[in-house]
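First the structure, in the form of structure tokens, and then the observations on it.
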Amino acid sequence: MEKFILNYGSNGLWYGTFTHFNKLSIRHGVSGRLGGTSQHPFQSLNLGLHTGDKNEDVVANRQLFCHAIGIHPDHIVTAQQLHTDNVKVITAGDVGKGAKSYDEAIPNTDALITNISGLPLMLLFADCVPVLIVDPVQGALGVVHAGWKGTVENIAGKAVLAMKNNYGTNPEDCLVGIAPSIGPCCYEVDEVVINKLKKQFENWEKLVRPNGDRWYLDLWKANCMGLEQVGVKNRNIVVSGVCTACNHELFFSYRRENGHTGRLGAAIIL
């Protein structure tokens, strides 16, 4: 059975990987919060340049993470994430955008796709859902930032369709990893979110658990449904099942830490 596993890197960092990607020798990783240089409240492996942390500490942390998973830290491409459903096609000319400066990151984007070998993609998270996508047939991949807004807009499904349109990807060939993020045990939402959810999902009741006048929302299942809507096979989707809020000692959690926290990274490269 394919699964999400934690690895102990040669430089002392813990990071997660998906076994179905490992079998294809797809270099990737999802960082934790331990082993970095940042101080409170970002301790310690904060990878977010937009959090108020010291820029030099974040760059040093990115170097540690990238070295652990075997990618070049100066080559990573990342984005200014704004909870959109925008998907950006990344080309060789984008190498290094956002690697050391938030202002130089891809603007207004929450999903990146590429078919360029050796070009690493990375997005940042603290409870929102990291979705990693690999098309092993056409040689393409993507990384998606799916908060509740992106999930309702099916940004993960839109990333797969963008891979189809740009690289000839057959969604049935795609392998997907849904990395640690806030789980249905902890993610409580109000009627505003539920009303948006109803418009996207006919069977929205399967995604929630009532709690008085609020609901607990399963973002993992919602993203799986969105991916299946565009043709991804359920058997090809691996959900880590790790809640960042429950495990805030190992992962950053925006909600558990009242917004004063760092960011984990999800990175992948062909």
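Each value in this text was obtained by applying a stated rule to the coordinates, not by laboratory testing. What you see is a predicted model, and the numbers here were worked out from it, not measured in a lab. Using ideal geometry, Cβ is built from the backbone for each residue, glycine included, and neighbour counts are taken over all protein chains shown.
Please give the per residue volume of the convex hull enclosing the alpha carbon atoms of the chain, rounded to a whole number of Å³.
114 Å³
Per-residue HN-Hα couplings for the stretch 60-70, Karplus 6.51 cos²θ - 1.76 cosθ + 1.60 at θ = phi - 60°, whole Hz, x for Gly and Pro?
5, 5, 4, 5, 4, 5, 4, 5, 5, 9, x
Extension gain Lys54-Val137, at 0.36 nm per residue separation less the Cα-Cα distance, in nm?
Gain on extension, Lys54 to Val137, equals 25.8 nm.
Output wanted: per-residue J couplings in Hz (rounded whole) for the stretch 234-246, from phi through Karplus 6.51 cos²θ - 1.76 cosθ + 1.60, θ = phi - 60°, x for Gly and Pro.
Computed from phi, the couplings for the stretch 234-246 are 4, 5, 8, 9, 10, 9, 4, x, 9, 8, 5, 5, 5 Hz.
With point charges of +1 on the Cβ of Lys and Arg and -1 on the Cβ of Asp and Glu, referenced to the Cα centre of the stretch 4-269, which listed residue (Gly118, Ala159, Gln138) lies farthest in the positive direction of the dipole?
In the stretch 4-269, that residue is Gln138.
Nearest 20 debye, what's the magnitude of the dipole of the chain about its Cα centre given +1 on Lys and Arg Cβ and -1 on Asp and Glu Cβ?
320 debye
GluC sites (Glu not before Pro) within the stretch 184-244: which are DSSP loop residues with at most 12 other Cβ atoms inside 10 Å?
Filter output for the stretch 184-244: Glu202.
In the chain, if the dipole is taken from +1 on Lys/Arg beta carbons and -1 on Asp/Glu beta carbons about the Cα centre, which of Gly168, Phe251, Gly262 is farthest to the positive end?
Gly168
Ordered by residue, what ³J(HN,Hα) values in Hz, to whole numbers, does the stretch 189-199 give under the Karplus form 6.51 cos²θ - 1.76 cosθ + 1.60, where θ = phi - 60° and Gly and Pro are x?
10, 9, 5, 4, 5, 4, 5, 5, 4, 4, 6
Give the relative contact order (percent, whole number) for the stretch 4-269; include only Cα pairs under 8 Å separated by 6+ residues.
For the stretch 4-269, the relative contact order is 22 percent.
Given R₀ = 35 Å, what would the calculated FRET efficiency be for Val89 paired with Gln39, taking r from the Cβ atoms and rounding to 0.05?
0.40
May I ask you to derive the FRET efficiency for Val230 and His72 from their Cβ-Cβ distance with R0 = 25 Å, giving the value to the nearest 0.05?
About 0.20, to the nearest 0.05.
If we sort 148-154, 78-84, 51-57, 95-101 on the protection proxy, mean other Cβ atoms within 10 Å, highest first, what's the order?
148-154, 78-84, 95-101, 51-57
Points 7 angstrom from Cα along the Cβ direction at Tyr216 and Glu202: gap in nanometres?
2.8 nm
On the first, second and third principal axes, largest extent first, how far apart are the outermost C-alpha atoms of the stretch 31-189 in Å?
44, 40, 25
Please order Tyr15, Tyr8, Tyr167 by the number of other Cβ within 10 Å, starting at the fewest.
With the sparsest Cβ surroundings first, the list reads Tyr8, Tyr167, Tyr15.
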